[in-house]
There are 2 protein chains.
Amino acid sequence: MNRWYGGIEAGGTKFVCVVGTGPGEVVAETRFSTTSPDETIRQVIEFFEPYTRRGELVAVGIASFGPVDLNPASPTYGYITTTPKPNWGGVDLHGQVQHALHLPVAFDTDVNVAAFGEHYWIPENRLLDPFLYITVGTGIGIGAFVNGRPLHGLIHAEAGHFAIPHNWEGDPFPGVCPYHGDCLEGLASGPAMARRWGEPAETLPVDHPAWNLEAEYIALALVNLIYAFSPQRIVLGGGVAQHPGLHEMIRSRVQRHLNGYLRSPMVLEKIDDYIVKPALGNRSGVFGALAMAMI
Amino acid sequence: MNRWYGGIEAGGTKFVCVVGTGPGEVVAETRFSTTSPDETIRQVIEFFEPYTRRGELVAVGIASFGPVDLNPASPTYGYITTTPKPNWGGVDLHGQVQHALHLPVAFDTDVNVAAFGEHYWIPENRLLDPFLYITVGTGIGIGAFVNGRPLHGLIHAEAGHFAIPHNWEGDPFPGVCPYHGDCLEGLASGPAMARRWGEPAETLPVDHPAWNLEAEYIALALVNLIYAFSPQRIVLGGGVAQHPGLHEMIRSRVQRHLNGYLRSPMVLEKIDDYIVKPALGNRSGVFGALAMAMI
């Protein structure tokens, strides 16, 4: 009998589900828009149903948008908690999937799972610890794999809300974060760019000054992550971060801000191998979810 | 026969050494100024010599000022590396102590060891993970205990050099960090306060505006640490941080900056139990070193 695993990337905009044993063996894959919790979760269950009916599915992993409750001792473990996304606050995503599929379900934040996916599936990453994943898109989030496990804690990392230097003279934009105004996400997320420049990030020309400013804010965030975690590698994912040339601009600004303080060859000479694109492209999360189901 | 352990807190200003089995059983203790490496390490060896001669000492732990090399595979493992402290750069602290005492020697940064000491010896801390220690004094450093172990990585945490918001109009002081100017340490270390206000932190009156500014910068650092690590507790140590009333000012500013975003009772209601003074006072490091020798 076949023995497959399931991966679910539960995003605020779309869901991606796979059945298989890894990036090299995908037997089914689907993606659909995130609508109401009931309809969306029903689509997840329907996708996996043929495999569970035949007893072929062993376990499932979920990479969820958040914030989520990761405390296994909490009555709301596996819930999406205080998301501003309408109708999704308080949804028991883990429980509903588990009850419908009658299978073990692993659960973590989208970014922790993406970090795990890049760490688990890419051989050259397997020995790197701490290992970070940062996404810059509709929101900014970080996932961390530290001392052999994903980082949990009081809640989970929320480094998208870092307080970073903001030069009000050079950039009088007040930021879009409803909680903090000009925190990192308030200044540098996709919606922040759209609001500041009056058009979406994806239509801003390659040579628009927007990208210098964006590189600067992301570089400041990476500098703080480097000082906090001393990571051995940082994967920089998310739609905004894939803008042509942006990785290069960010890397040189990271070096400029560190200014020689960290005497590591990774930072001084090999920064192209230190701050990298996701090797799994836009499937770090869903294959990370699959890996979580497997271990 | 007695079986004792040794703890060494190797600071840039002074060394502290103990022999015993923990805070409740100290059979010998000494502290002396940090002078030349040769003289200082000779004093360390002489202090432990009676116990090693009688075969009573099992192992020793060192909590070292830094930066240090923590990579066990490196030829300079256990060295102090690029410290600005004269004559101490390139000193093989771990190796010299190990060769002289012929004992196993555990080695980590002063702040990682202080975090470990507070975590290991204080029962209510034992289950808290991630667990952070931050010291604000001559320098600013953080130690982190994450997923059951101290945080290492490319080098080790250097969050004293966080890039934080600096309101140049309200505080035109350019900072004292030779690498970054107005990074956290450049703005908020003891030497930064002394330079900005023209007198040492310890003589500034309790109601001097210096303390509001200091609370603000430390609060911004803690906010970033909270977003990065989602720690379950933060110990705030170091000489500057013990100024009367400063902890209270910092706690309320942390809450103000988080602005309700993290819906955790620890942050919203129990912040006095979340950001705390070192339970071991100024001996977190030396007893952490002792604990490292024991495990």
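The values are calculated or read from the model by the stated rules, or taken from the named source; none is laboratory data. All values derive from a computational prediction rather than experimental measurement. Glycine also receives a Cβ, built like all others from the backbone with ideal geometry; neighbour counts cover every protein chain displayed. To get the accessible areas, we keep the full protein, side chains included, count just its heavy atoms, and leave off ligands, DNA and RNA. Shrake-Rupley method; radii C 1.70, N 1.55, O 1.52, S 1.80 Å.
Values as computed for the structure displayed
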{"quantity": "Cβ-based charge dipole, the range A:125-278, positive-most Cα from A:VAL206, A:GLY143, A:PRO265", "calculated": "A:PRO265"}
{"quantity": "By accessible area with a 1.4 Å probe, ligands and nucleic acids excluded, highest first: order of A:LEU132, B:LEU154", "calculated": "B:LEU154, A:LEU132"}
{"quantity": "Debye, to nearest 20: dipole size of the range A:164-295, +1 on Lys, Arg Cβ, -1 on Asp, Glu Cβ", "calculated": "460 debye"}
{"quantity": "Magnitude of the charge dipole, chain A, Cβ model with Lys/Arg +1 and Asp/Glu -1, debye to 20", "calculated": "440 debye"}
{"quantity": "Interface B:A - total buried accessible surface [probe 1.4 Å, Å², rounded to 100]", "calculated": "3800 Å²"}
{"quantity": "Under DSSP loop assignment and at most 15 Cβ neighbours within 10 Å, longest trypsin sites (Lys or Arg not before Pro)-free interval of chain A", "calculated": "A:127-262"}
{"quantity": "Farthest positive-ward along the range A:125-278 dipole, Cα basis, beta-carbon charges - from A:GLY153, A:VAL240, A:TYR179", "calculated": "A:GLY153"}
{"quantity": "Loop-located GluC sites (Glu not before Pro) in the range A:144-192, at most 16 other Cβ atoms within 10 Å (DSSP)", "calculated": "A:GLU169"}
{"quantity": "Members of A:LYS85/B:LYS277; A:LYS270/B:LYS270; B:LYS14/B:LYS270; A:LYS277/B:LYS277; A:LYS270/B:LYS85 lying beyond 32 Å, as alpha-carbon distances in this model show", "calculated": "A:LYS85/B:LYS277; A:LYS270/B:LYS270; B:LYS14/B:LYS270; A:LYS277/B:LYS277"}
{"quantity": "Surface accessible to a 1.4 Å probe, per residue, for the residues of the range A:125-278, Å²", "calculated": "37 Å²"}
{"quantity": "Accessible carbon and sulfur surface of the protein assembly as shown relative to its total accessible area, %, 1.4 Å", "calculated": "52 percent"}
{"quantity": "R0 of 25 Å, Cβ-Cβ distance A:SER252-A:TRP197: FRET efficiency to nearest 0.05", "calculated": "0.65"}
{"quantity": "Within a Gaussian network of chain B (alpha carbon springs, distance under 10 Å), most fluctuating of B:SER64, B:SER284, B:SER36", "calculated": "B:SER36"}
{"quantity": "P(r) of the range A:130-185 over all Cα-Cα pairs, binned every 5 Å from zero, in whole percent", "calculated": "4, 17, 21, 22, 15, 10, 6, 3, 1"}
{"quantity": "Nm distances between copies for A:PRO200, ranked from closest, using label points 7 Å along Cα→Cβ", "calculated": "6.1"}
{"quantity": "Estimated 222 nm signal from helices in chain B, with DSSP H stretches of n ≥ 4 weighted -39500 (n - 2.57), rounded to 500", "calculated": "-10500 deg cm²/dmol"}
{"quantity": "Restricting the range B:10-53 to chymotrypsin sites (Phe, Trp or Tyr not before Pro) in coil, as DSSP defines it, with at most 15 other Cβ within 10 Å", "calculated": "none"}
{"quantity": "Rounded if a/c under 1.5, otherwise prolate or oblate - the range B:125-278, Cα gyration tensor axes", "calculated": "prolate"}
{"quantity": "Surface accessible to a 1.4 Å probe, A:CYS177 within the full protein complex, Å²", "calculated": "10 Å²"}
{"quantity": "Full-extension gain in nm, B:ARG3 to B:LYS270, via 0.36 nm per residue minus C-alpha separation", "calculated": "92.0 nm"}
{"quantity": "Percent breakdown of C-alpha pair distances by 20 Å bin, ordered from the shortest bin, for the protein assembly as shown", "calculated": "20, 51, 25, 3"}
{"quantity": "Fluctuation leader among A:PRO104, A:PRO178, A:PRO244 - chain A, Gaussian network, Cα springs under 10 angstrom", "calculated": "A:PRO178"}
{"quantity": "Listing of the range B:148-192 residues, each with accessible area lower by at least 30 Å² in the full protein assembly than in the chain alone (probe 1.4 Å)", "calculated": "B:ARG149, B:LEU151, B:GLY153, B:LEU154, B:ILE155, B:GLU158, B:HIS161, B:PHE162, B:ALA163, B:PRO165, B:TYR179, B:HIS180"}
{"quantity": "Selection of chymotrypsin sites (Phe, Trp or Tyr not before Pro), the range B:145-229, meeting DSSP coil and at most 16 other Cβ within 10 Å", "calculated": "B:TRP168, B:TYR179"}
{"quantity": "Cα centroid separation - the range A:265-279 against the range B:160-224, whole Å", "calculated": "32 Å"}
{"quantity": "Positive dipole terminus of the protein assembly as shown, leading residue within A:PHE131, B:ALA194, A:ILE295 (C-beta point charges)", "calculated": "A:ILE295"}
{"quantity": "Check: the protein assembly as shown dipole with +1 on Lys, Arg Cβ and -1 on Asp, Glu Cβ, in debye", "calculated": "820 debye"}
